[in-house]
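All remarks here apply to the structure that follows.
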């Protein structure tokens with residue numbers, strides 16, 4: 001894969017080059033993708049797996065290209081994580097907003113063991129902390145919807 005293709009995918013079509021909060025911008029893009037795909041579970045799953053596989057492939061390579069650990073412009077991890085956060089959630093505004101901010105909080109504050117996954121380094125470390133943050137968010141949201149009846 002060419003360096004140009006790696007940069008395009010790692011920055012999720014250059015969203016990671018946004019001058020302000022590239023991770024949050026990529027999370028919005030990923031959330032929009034998830035909402036768009038919400039009515040087709042099979043296609044959602046295929047896209048999610050593709051984003052995750054590509055993320056593992058390109059994020060570590062992007063570190064090498066830039067010679068920088070976990071560069072801020074690499075945002076494919078946020079796209080993968082937020083898509084996991086939204087997996088099988090109702091596409092309703094209250095759910096979308098809460099899930100988005102909950103994912104960003106889990107991602108930014110690195111609640112255990114998210115912080116341990118980040119220490120793995122390379123593409124695995126870049127991807128896994130966001131994947132785990134997405135899982136945390138998804139579990140919390142499903143529990144809240146079912147048990148706290150927030151809908």
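Which residue out of 138, 94 is farther than 20 Å from residue 22 by Cα and in contact with a helix residue (DSSP H, G or I) (Cβ under 7 Å, 6 or more places away or on another chain)?
When all the criteria are applied, what remains is 138.
Please work out which residue is surrounded by the fewest Cβ atoms within 10 Å (Cβ to Cβ), limiting yourself to the stretch 98-138 and to residues that are free of Cβ contacts under 8 Å to residues at least 40 places away in the same chain and over 15 Å from the mean Cα position of the chain (by Cα).
Per the criteria, the residue is 112.
Please indicate, with yes or no, whether at least one residue in the stretch 104-116 is touching a helix residue (DSSP H, G or I) at 6+ places or on another chain (Cβ under 6 Å), over 21 Å from residue 32 (Cβ atoms) and in a helix (DSSP H, G or I).
yes
Being farther than 13 Å from residue 134 by Cα and within 15 Å of the chain's Cα centre (by Cα) is true for just one of 10, 80. Which residue is that?
None of the others qualify; the one that does is 10.
State all residues of the stretch 13-31 that are over 15 Å from residue 72 (Cβ atoms) and under 12 Å from the mean Cα position of the chain (by Cα); if no residue qualifies, say none.
28, 29, 30, 31
Check off (1) surrounded by 14 or more Cβ atoms within 10 Å (Cβ to Cβ); (2) within 30 Å of residue 1 (Cα to Cα) for residue 53 and give me the number that stays unchecked.
Checking residue 53 against (1) surrounded by 14 or more Cβ atoms within 10 Å (Cβ to Cβ); (2) within 30 Å of residue 1 (Cα to Cα), the one that fails is (1).
Among (1) modelled with pLDDT of 95 or more; (2) touching a helix residue (DSSP H, G or I) at 6+ places or on another chain (Cβ under 8 Å); (3) surrounded by fewer than 22 Cβ atoms within 10 Å (Cβ to Cβ), where does residue 16 come up short?
With (1) modelled with pLDDT of 95 or more; (2) touching a helix residue (DSSP H, G or I) at 6+ places or on another chain (Cβ under 8 Å); (3) surrounded by fewer than 22 Cβ atoms within 10 Å (Cβ to Cβ) applied to residue 16, the lone miss is (3).
The values are calculated or read from the model by the stated rules, or taken from the named source; none is laboratory data. This is a predicted model, so every value here is computed, not measured. Glycine also receives a Cβ, built like all others from the backbone with ideal geometry; neighbour counts cover every protein chain displayed.
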